[in-house]
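Right, one structure below, let's go through it.
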Amino acid sequence: MSRQLRVLWQNRSKFRETSAVIEFGHFALALAWILALVGSLGGIWLGVRGRARLAHVELLRRMTIGVALCLGCSLVALGAAFVSNDYSVQYVWQYSNRDMPWIYKITAIWGGMDGSMLLWCFLVAAFAALVARASLAYPRPLAPALLGFLNTSPLFFTSVTLFFTNPFRYLKSAVAMPDGNGLNPLLQNEYMAIHPPMLYLGFTGLAIPYAFCMAALLSGQLSNDWIRLTRRWTLIGWTFLTAGIVLGGHWAYLELGWGGFWAWDPVENASFLPWLTATAFLHSVMVQERKGMLKLWNIFLVTLTYALTVFGTFLTRSGIVQSVHAFASTDIGWMFLVYLAAIFLVAAGLVVLRRRDLSPERTIESVFSREAVFLLNNLVLLSVCFAVLWGVMFPVFSEAFTGQKQTVGIPFFNAVNVPLFLLLVFLMGVGPSIAWKRSSLSQMVRTFAGPFVGALVVAVALVWAGITEFYPVLAYALSFFALMTLLGELQRGLGAQAAATKAAALSPMNAAALFRRQRTKYGAHLIHFGVLVMTVAITASMAHKVEREFTLATGEKFSIGRFQLELQEFHDEELKNYDSVQAHVALRSSQNGELLEVMAPEMRFYRKNKETTTEVALRMGQREDVYLVLAGIDESGTRASFKIFINPLQVWLWYGAIIMVLGGFVVALPLPRQGAVSVSEHGRSAQPA
């Protein structure tokens, strides 16, 4: 105790300094709330009036940017409190301690409810500010309504943060504490420094399409201008969300020690739901742009996508579901439910107001057309969404109606969704290659006969090689079918480009020219290729995984497949934040005894939290991952229990995700100018800048 008092006395001046920083952060948060309130009410009011001067739009634009700047200052102030160990602040004391490395002190900013809500506020306001910068280039009747709706999301989340989950609250103790409780040990992982921000970037980015949609409905600017702008921002949000979901899977793979990357956990599902609906919108919006159809359907998808991001936030913060990812139960769930109701009511009211302008200009003429395939793709994606949502909410419904909480597990989700996902892979092969409006039988035979025969040959070869399970064979065959159709599209594109430019079809310059001319199309093909790589990797890692449990004493060996493991020694270490014990295990080839790697699975005991975690040893390879977990050590300290997983092609899952994210940014970027429309006093937009 005397040591703690000396530390407190030595740092008394620092506590006074950081208190000023905390007050500044709290003031910036309150100022952001005021600006968001005025900006949302003012913008919507001007949108209802239908007449706004350029000065009004400029004022709203500055307010929207000001919200982001204030929230950025507030977030920096909270970060300064963590870095300077200001334990007079309740949130800092609860999620940090002096022995944590600085990277985990930064991670602790979003390690709990209060800080994560502040991060959410800043990111959604930052997206709004980016849109607001270009708002003067949008049609005049659209701009004020857009700025108003852009501020509604920061207003809601800032209201929750300021009045209910304020991270700048002081401890009730009369003196600042000399040390804090520390961050959850499971979150003390490098991937947690990037996974939550990336996921939040995806969630908050999807608020922008909703704002565009509501502004278009309110102002009556229902031409394809808002669709073009919305698609680009949806792609950006979708790409960040894809990266966040995959990074979360990689964190679970490394940190939780169960050998997998996806367990259909309620919070995992909460991030997956808006990804599904955003994917559906990105496909169906092309039908509206080209054919003037699915207008009402796209409004529904945009609204549902944003509502599901809010619903995911509700799930993680209300305590109605149990998850390793969820925050502690709080009493703010009702606010999210009220906001969800407002989202749907506002959308429904504006749709009724503009119902005459939402009539389709054409109808689907044939089931053998690209628009029909895209609509079927949408229906399958929403079927997956409904199945996942039902599985997430089933425990809540069962408890409400029967008084007993019953859950559904991985078998339910796999049984329902695996066939639907395989159907999506098939449609992914058909959709880009089938004609708009109507496709003749002869065209379809020319396009799909080769890929179909190739897929059939692959299926027969796999069965002959000993892979007899139905779904793995079907997944590999369909992936090959879709790959062949993508390559066929590329071949036809290169041929047409070569005929127009008199260049060699397979030359790099011809390919580069084709890509520059049709960047959106081939960027989308790149995304689809990434999906196919992930499909093969997921199928292999799930269908052909090998899992064993075994016990070794020092010097003993264990063989599995083409590997042999030998326990060499134990190594104890005492670090600032935790105590650890490592088992050094030699991994050798069973064929020639060659040493491949010394693996060091680890158990850690975090003294501050009094929690034990496992740190896996992982040897990643192009062919398979060797995944070793130290499950326990006996009392004598000479024998240890292990779990080992051999996960085939696991690394290709991460490669596929990188390809998808790269394709997403290729299509979405650069942001400046493309899709922007010039100012029009009368609401008629000019050509894209």
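The values are calculated or read from the model by the stated rules, or taken from the named source; none is laboratory data. Only a predicted model underlies this, so the values are computations on that prediction, with no experimental measurement involved. All Cβ positions, glycine included, derive from the backbone under ideal geometry; neighbour counts span all protein chains shown. Remember, those area values only see protein heavy atoms, side chains included, never the ligands or the DNA or RNA. Shrake-Rupley method; radii C 1.70, N 1.55, O 1.52, S 1.80 Å.
Data for the structure
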{"item": "Solvent-accessible ranking of 595, 375, 358, largest area first, probe 1.4 Å", "result": "595, 375, 358"}
{"item": "Listed peptides 107-119, 410-422 by packing density, highest first (mean Cβ within 10 Å)", "result": "107-119, 410-422"}
{"item": "Stretch gain in nm, segment residue 356-residue 519, where the contour uses 0.36 nm per residue and the Cα spacing is subtracted", "result": "55.2 nm"}
{"item": "Calculated FRET efficiency for the pair residue 344/residue 467, C-beta based, R₀ 60 Å, to 0.05", "result": "0.80"}
{"item": "In nm, spacing of pseudo-spin labels at residue 509 and residue 190 (7 Å Cα→C-beta vector)", "result": "4.3"}
{"item": "Inverse mean reciprocal Cα-Cα distance (Kirkwood Rh) of the stretch 480-579, Å", "result": "18.8"}
{"item": "Formal net charge of residues neighbouring residue 315 (Cβ-Cβ distance under 11 Å; K, R +1; D, E -1)", "result": "-1"}
{"item": "Packing-based order for 91-101, 50-60, using average beta carbon neighbours within 10 Å, highest first", "result": "91-101, 50-60"}
{"item": "Percent accessible area from carbon and sulfur atoms, the chain, protein chains only, probe 1.4 Å", "result": "64"}
{"item": "Cα gyration tensor, the stretch 409-506 - rounded (a/c under 1.5), prolate or oblate", "result": "prolate"}
{"item": "Once the Cα gyration tensor of the stretch 546-651 is diagonalised, semi-axes √(5λ) in Å", "result": "25, 16, 11"}
{"item": "Residue list for the stretch 556-589, given a label point 7 angstrom along the Cα-to-Cβ vector of residue 548 and an amide N cut-off under 12 Å", "result": "557-566, 588"}
{"item": "For the chain: accessible area per residue (Å², 1.4 Å)", "result": "44"}
{"item": "Alpha-carbon centroids, the stretch 447-512 and the stretch 601-620: separation in whole Å", "result": "45"}
{"item": "Inter-label distance for residue 492 and residue 572, nm, one decimal - labels placed 7 Å from Cα along Cα-to-Cβ", "result": "7.0"}
{"item": "FRET efficiency estimate (nearest 0.05) - Cβ-Cβ, residue 418 to residue 396, R0 25 angstrom", "result": "0.50"}
{"item": "19 Å Cα-Cα threshold exceeded, pairs from 437/502; 105/576; 405/610; 608/643; 172/608; 545/643", "result": "437/502; 405/610; 608/643; 172/608"}
{"item": "Computed accessible area, residue 306, all protein chains, 1.4 angstrom probe, square angstrom", "result": "10"}
{"item": "Amide N of the stretch 575-603 lying under 12 Å from the label point, which is placed 7 angstrom from the Cα of residue 99 along Cα→Cβ", "result": "575-580"}
{"item": "Environment charge at residue 212 (Cβ cut-off 13 Å; Lys +1, Arg +1, Asp -1, Glu -1)", "result": "+2"}
{"item": "Stretchable slack from residue 446 to residue 584, in nm (0.36 nm times residue separation minus alpha-carbon distance)", "result": "43.9 nm"}
{"item": "Tensor-based shape of the stretch 149-269 (alpha-carbon gyration tensor, a/c under 1.5 rounded, otherwise prolate or oblate)", "result": "oblate"}
{"item": "Exposure rank, largest accessible area first [225, 572; 1.4 Å]", "result": "572, 225"}
{"item": "Estimated FRET transfer efficiency when R0 is 41 angstrom, pair residue 612-residue 20 (beta carbons, to 0.05)", "result": "0.55"}
{"item": "Centre separation in Å (Cα based) which lies between the stretch 328-400 and the stretch 242-287", "result": "18"}
{"item": "Pairs of alpha carbons in the stretch 42-183 whose separation is greater than 19 Å (percent)", "result": "55"}
{"item": "Separation of alpha-carbon centers, the stretch 628-666 and the stretch 536-575, rounded to whole Å", "result": "11"}
{"item": "Cα→Cβ-extended label distance, 7 Å offset, between residue 560 and residue 407, nm", "result": "2.5"}
